[in-house]
Amino acid sequence: MAVSMVFQTLYYLVDLYFVSRLGKEAIAGVGLAGNWMLVVLALSQMLGVGTTVLISHAAGQKDQPRAQMVFNQSFVLALIVGAAVAVLGYAFRVPYCRWLGADALTVRNGAAYLLFFIPGLGLQFGFASMGSALRGTGIVKPTMVVQIFAVIINIVLAPVLIAGWGTHHPLGVKGAGLATFIAMCFGALAITAYFLKLEQYVSFDLSMWGPQIKIWAKMLNVGLPAGGEFALMGVYIALVYWIIRSFGAAAQAGFGIGGRLMQSMFLPVMAIAFAASPVAGQNFGARQPERVRQTFYSAAGIGLAAMFAITLVCQAFPSALIGLFSSEAQVVVFGTDYLRIISWNFMAMALIFTSSSLFQALGNTWPSLGSSCLRLVIFALPAAMLSARPGFTIKQVWYLSVVTVAIQAVSNLALLHREFRRKLGALPPIAQATAAGELG
């Protein structure tokens, strides 16, 4: 998973590099349009987390027919939601860009990027369903291979379609969206081919495609809060774009570059946290409480170490990192301030990612959603008030964000400790011994 995340990071940076050659309005437009990815991530997380948790529990209990049914129900739901997202995306892409764009050119760039990006997002739901099913059984290599090739395709197409390398017909930001769409099509087709030809533990079975509302409800009960966290993140980013729009396209571009760099830095650490969920989930299903706890400690330790190193890099070279993607002085200044200040919350984010994955493994993601809601509330109201005061600066928003992320991390850890007492302390000793004997 970490390898695939590294390739995804490389794509983010290559894509950002070529888009940044088009000017600050292009960066700002693609940035605010790219926030739609968080909306899709929220919805796909609702589906994917529920799928992973239910299948990992079934796998831990040696119940293959149950895992098979969960996968097929997950895929049917993915088809329905993916189609709905594509339709609604086209209906609202222009109004959304008008609402957040700093100027008319930023709005046009955002709408142009979404033209091809939206159908690609619709394809992500089927991919998420299949990838989550594999992750629930502890299999990640096929998804990794597919993602790597998809990212390579995107990297190759980015300069061709955006800058017109070889064709002499540059499409600009529209080309960035088209490159992503083509890569997403490849990914969806490749993972489907794998399921049809090679996967055996869970596979397509049309006889199981009739809607099973009880299974959907169980998936959403676990997945809805997890998806809600990504939705709240999308709300947070949209709120920031709205607050800083009065500072112009340079401010939005600086935030866009800094945010994309931050996302790329987070990906390998997120891979560790995501891997913790099925490992802890299978051990929870097998009644092995100490292994669940150890999974958290190991993943948190690795995540903290990685984030500490990334924080040092962002503190030492923020201007150089932003300068790789824009030579405009104002953009570099805004982006540097953002990266230097916001990097202080990176280690707290490692704890948030890891604890959220453990909530998923335990089958109760509502505490994590509650913590995310707390963060948004204590950020949104003060940020709106600060923006209305004389002498308001963007730095105040970044410092406020650091404080609220720290509060969210502490809240997550306290809630996870309570969940460990409730869920792991209640496991029957006999069941533990039996499961240990079966697994031994």
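Please determine whether any residue of segment 286-294 is surrounded by fewer than 16 Cβ atoms within 10 Å (Cβ to Cβ) and at pLDDT below 85. No, segment 286-294 has no match at all.
So that you can scan it fast, the table gives a plain yes or no per residue for (1) touching a helix residue (DSSP H, G or I) at 6+ places or on another chain (Cβ under 7 Å); (2) among the charged types (D, E, K, R); (3) on the phi < 0 side of the Ramachandran plot:
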{"residue": "Glu25", "(1), (2), (3)": "yes, yes, yes"}
{"residue": "Leu38", "(1), (2), (3)": "yes, no, yes"}
{"residue": "Ala42", "(1), (2), (3)": "yes, no, yes"}
{"residue": "Gly48", "(1), (2), (3)": "yes, no, yes"}
{"residue": "Phe71", "(1), (2), (3)": "yes, no, yes"}
{"residue": "Ile80", "(1), (2), (3)": "no, no, yes"}
{"residue": "Leu88", "(1), (2), (3)": "no, no, yes"}
{"residue": "Val94", "(1), (2), (3)": "yes, no, yes"}
{"residue": "Leu100", "(1), (2), (3)": "yes, no, yes"}
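Within segment 187-218, the set of residues being hydrophobic (A, V, I, L, M, F, W, C), touching a residue at least 40 places away in the same chain (Cβ under 8 Å) and open to solvent by less than 80 Å² (accessible area, probe 1.4 Å) comprises Ala188, Ala190, Ile191, Phe195, Val202, Phe204, Met208, Trp209, Ile215, Trp216.
Considering the conditions (1) at positive phi; (2) buried (at least 22 other Cβ atoms within 10 Å of the Cβ), Gly138 is excluded by exactly one of them, (2). The residues of segment 138-194 that are under 18 Å from the mean Cα position of the chain (by Cα) and β-branched (Val, Ile, Thr), listed by number, are Val140, Thr143, Val146, Ile148, Val151, Thr180.
Hey, can you tell me all the residues within segment 237-247 that are under 17 Å from Val405 (Cβ atoms) and either open to solvent by 20 Å² or more (accessible area, probe 1.4 Å) or not in a helix (DSSP H, G or I) (or both)? Residues satisfying the conditions are Ile237, Leu239.
Assessment of segment 70-77 against the conditions (open to solvent by 10 Å² or more (accessible area, probe 1.4 Å), modelled with pLDDT of 90 or more, aromatic (Phe, Trp, Tyr) and within 23 Å of the chain's Cα centre (by Cα)) yields at least one matching residue.
Scanning segment 192-224 for residues that are in a helix (DSSP H, G or I) and more than 18 Å from Ile55 (Cα to Cα) yields a total of 7.
Kindly evaluate Phe346 against the criterion of being open to solvent by less than 10 Å² (accessible area, probe 1.4 Å) and out of contact with any Lys or Arg (no Cβ under 8 Å at 6 or more places or on another chain). Criteria met by Phe346.
Pairs linking a residue in segment 253-271 that is closer than 14 Å to Ile237 by Cβ to a residue that is open to solvent by 30 Å² or more (accessible area, probe 1.4 Å) and of a type in the set (Ser, Thr, Tyr), with Cβ atoms under 7 Å and 6 or more positions apart or on different chains, are Arg260/Tyr12; Gln263/Tyr12. Picking from residues in segment 313-349 that are in a loop (DSSP other than H, G, I, E, B) and without any contact (Cβ under 8 Å) to a residue 24 or more places away in the chain, the one that is farthest from Ala251 (Cα to Cα) is Phe317.
Has segment 127-141 got at least one residue that is part of a helix (DSSP H, G or I) and under 26 Å from Leu32 (Cα atoms)?
Yes, because at least one residue in segment 127-141 is part of a helix (DSSP H, G or I) and under 26 Å from Leu32 (Cα atoms).
Of all residues in segment 360-384, those that are under 18 Å from Ser401 (Cβ atoms) and open to solvent by 30 Å² or more (accessible area, probe 1.4 Å) have Cβ atoms under 7 Å from Cβ atoms of residues that are part of a helix (DSSP H, G or I) and at pLDDT below 90, 6 or more apart or on another chain, in Cys373/Leu232; Leu376/Leu232; Leu376/Val235; Leu376/Tyr236. Scanning segment 327-340 for residues being farther than 22 Å from Pro268 by Cβ and within 25 Å of the chain's Cα centre (by Cα) gives a total of 3.
The values are calculated or read from the model by the stated rules, or taken from the named source; none is laboratory data. Everything numeric in this text was worked out from a predicted model, so none of it was measured. Positions of Cβ are generated from backbone atoms using ideal geometry, with glycine treated the same way; all protein chains shown enter the neighbour counts. All accessible areas refer to the heavy atoms of the entire protein, side chains included, with ligands and DNA or RNA removed. Shrake-Rupley method; radii C 1.70, N 1.55, O 1.52, S 1.80 Å.
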